[in-house]
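Structure, as structure tokens:
What follows draws every value from the coordinates through simple rules; no lab data is involved. This one's a predicted model, so the numbers in the text were calculated from it and none came from an experiment. Every residue, glycine among them, receives a Cβ derived from its backbone with ideal geometry; neighbour counts consider all protein chains shown.
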Amino acid sequence: MLPDDFEDAFTPLDDIQGVSKMRFAIADGATESSFSKEWAQLLTRKFGSSGFDVFSQEILAELSTTWEEGLNKENLSWYNQEKFTMGSHASLLGVEIDLSLGTYSAKAVGDCCVMLVRDGQIINSFPIENTEDFSNHPVLIGTRDGTPQGETRELFGKLNVGDLLVLASDALAAWILANKDTRPWKNFLDDSGRKDGTLLKNFEFLKKLHDKKFPDHQNYFLKLALGDKHEQDNANQWLYTNWVFHNIVVREREVGRLKNDDSTLCLIQF
Amino acid sequence: MSYTAEISRNNPGCFLFVIDQSGSMADSLASGKSKANMVADSVNRILQSLVIRCSKSEGIRDYFFAGIIGYGQGGGVVSAFEGSLSGKELVPISEIAQNPLEILEKEISVDDGSGGTTNQRVKFPIWLNPIADQQTPMREAFGLANKIVTNWLNQNHNCFPPIVIHITDGESTDGDPSQEMKALMSQTSADGNVLLFNVHLSSGGHTNVISFPGNQEGLPDDYAKMLFSNSSALIPNMIGIAKEDHGINLSAGARGFVFNGDLSSLVTALDIGTRASNPR
């Protein structure tokens with residue numbers, strides 16, 4: 001169970017298997033909005049089933065209707081009724097991997113990032129390249145107004161054996177980019193003392209595709225790690241795939257290098 | 001660096017409104033509304049806005065505590081909250097959200113997004129009623145403000161510094177409030193000094209509004225200069241909001257001070273004063 005106030009979202013891992021390409025999305029529901037967790041979850045789930053179509057205004061309009069129907073409007077308090085009229089907002093990053101071609105594509109609105117790590121170096125960070133380019137007011141997808149025109153970013157790239165894709169919500173992405181010289185993702189690959197194995201998957205589907213393209217290489221996986229912002233005494237509710245991630249997040253937040261924000265990390269190793 | 005503390009449920013922010021409720025607040029401004037009405041409306045809207053900022057699908061997150069000191073009513077200084085909140089000094093925003101005195105509903109005309117207008121029903125919760133009664137014990141009011149802020153800081157030392165917004169239309173009748181105002185501004189959290197805004201409302205004949213001055217030039221009298229001296233310099237976030245959302249270009253050194261203010265300058269000051277500290 002995720003904490004109630006965790007407003008990042010990701011494509012449910014069970015939804016990833018069985019589709020022709022591997023699709024995974026992360027989203028960050030805006031703190032200022034209400035029901036942004038629900039909106040972020042709808043966006044990431046839809047990306048799992050429909051891919052990049054989720055960025056179209058038509059699909060967003062459908063999702064907005066679903067979002068609205070999911071709220072029990074009659075029973076909302078006066079303040080949630082007011083907040084509801086303002087709509088909800090989230091950033092979204094979707095990544096589609098075609099291992100048969102050895103390629104990946106990404107689309108993003110906002111500041112969730114995907115970084116391609118090759119030979120120990122970040123060779124591409126999308127859609128934001130530098131720590132200083134993160135702001136408190138990213139572009140967001142809204143339930144009322146969809147995606148602001150011209151604000152969807154797109155990326156296409158090739159994958160090699162041994163490449164690592166790092167997907168991270170904004171605070172964590174900014175921290176990784178600021179510390180890229182120390183290769184912080186290496187720590188996250190350490191599985192020792194794993195707290196919760198349910199979020200680590202070696203997908204059969206991924207294996208099938210992988211074996212076809214890279215038959216001699218067996219070290220592939222998808223890992224997911226989550227940490228909600230620490231506001232209340234709910235540390236025990238945090239979900240991490242391992243204590244290494246937990247300890248890094250806690251330490252870096254304490255010294256002020258990592259913003260205290262919901263954090264989602266997904267590592268896809270090829 | 002000061003004024004950068006993160007506002008969270010573990011480390012909430014604090015707003016204290018100090019409201020003149022003396023007899024002269026019954027006077028009307030150009031709009032025909034009394035000053036007491038105008039202040040009550042504006043403070044109610046600001047509380048509503050704070051509640052909505054903190055409202056999430058699972059409920060209200062207590063990012064802020066707020067209090068209202070009223071002075072003049074019955075000649076004394078009291079918490080201006082009524083009903084369930086009566087007598088309370090600083091109240092978590094969730095408790096404020098759940099205890100308005102009443103919720104008015106009005107139909108207003110809004111932009112329909114295609115060049116026309118459409119009617120929309122909106123809610124106006126009321127916490128503060130307009131009151132205009134007796135004297136202006138401003139010094140005593142700031143004595144209470146100091147006490148409330150001291151208690152708050154004792155328990156919330158790492159907080160974003162409390163923001164105190166004082167709204168008045170006249171001079172103190174219980175002595176010079178300067179020392180109490182200075183004492184208030186000298187109180188600190190680990191993140192900086194308390195920020196004090198003084199919003200002085202016009203008394204009929206005056207029409208020349210002075211907003212956020214950076215020096216005493218052009219201030220008409222000693223009273224205006226006293227309020228200026230006891231108003232905090234705006235922090236960079238506030239100067240940014242003034243520019244981005246209100247189109248006001250302010251230089252560093254501009255103070256949280258309005259003299260001969262009207263409704264518009266009061267609303268602007270309240271907005272700039274309460275939006276610079278953002279919860280994560």
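A few remarks follow.
- Shape call, the stretch B:138-254: gyration tensor on alpha carbons, a/c limit 1.5: oblate
- Restraint check, A:K37/A:K73; A:K21/A:K73; A:K37/A:K259, Cα-Cα greater than 27 Å: A:K21/A:K73
- Cα-centre dipole for chain B with unit charges at Cβ (Lys and Arg positive, Asp and Glu negative), debye to 20: 640
- HN-Hα J in Hz across the stretch B:139-150 - Karplus 6.51, -1.76, 1.60, θ = phi - 60°, x for Gly and Pro: 4, 5, 4, 6, x, 5, 4, 4, 5, 5, 5, 4
- Each peptide among A:84-97, B:214-227, B:38-51 gets the average number of other Cβ atoms lying within 10 Å of its residues, and from highest to lowest they stand as A:84-97, B:38-51, B:214-227.
- Of all DSSP beta bridges confined to the protein assembly as shown, the antiparallel ones make up roughly 75%.
- Since only B:A132, B:S172, B:P162 are under comparison, the one whose Cα sits farthest along the positive direction of the charge dipole of the stretch B:110-204, derived from C-beta charges on Lys, Arg, Asp and Glu, is B:P162.
- Other protein chain Cβ atoms within 10 Å, averaged over every residue that makes up A:31-44: 2
- The charge dipole of the stretch B:77-193, taken about its Cα centre with unit charges on the Cβ atoms of Lys, Arg (+1), Asp and Glu (-1) only, comes to about 300 debye.
- The phi-based Karplus calculation (6.51 cos²θ - 1.76 cosθ + 1.60; θ = phi - 60°) puts the 3J(HN,Hα) values of the stretch B:250-255 at 10, 8, 4, x, 4, 9 Hz, whole numbers, x for Gly and Pro.
- Assuming charge only on the beta carbon of Lys and Arg (+1) and of Asp and Glu (-1), the dipole of the protein assembly as shown about its Cα centre is about 1220 debye to the nearest 20.
- Note on the protein assembly as shown: dipole from Cβ charges, positive end direction compared against B:I69, A:L99, B:G247; the farthest Cα belongs to A:L99.
- The mean number of Cβ atoms from other chains found within 10 Å of a Cβ in peptide A:74-80 is 6, as a whole number.
- Candidates per GluC sites (Glu not before Pro) in the stretch B:1-101, loop by DSSP, up to 10 other Cβ within 10 Å: none
- DSSP finds beta bridges in the stretch B:100-197, and of those with both partners inside it, around 80 percent are antiparallel.
- Neighbouring Cβ atoms from other chains, within 10 Å of the Cβ of residues in A:82-92, number 2 on average.
- Prolate/oblate/rounded label for chain B (Cα gyration tensor, a/c 1.5): rounded
- Global dimensions of the protein assembly as shown from alpha-carbon coordinates: Rg and Dmax equal 26.7, 89 Å.
- Whether the stretch B:1-159 is rounded, prolate or oblate, judged on the alpha carbon gyration tensor where a/c under 1.5 counts as rounded: oblate
- Less than 5 angstrom separates the built amide H of B:F124 from those of B:L104, B:E105, B:K106, all sequence-distant by 5 or more or on a different chain.
- Most positive-pole-ward Cα, B:N198, A:V249, B:V51, against dipole of the protein assembly as shown from beta carbon charges: A:V249
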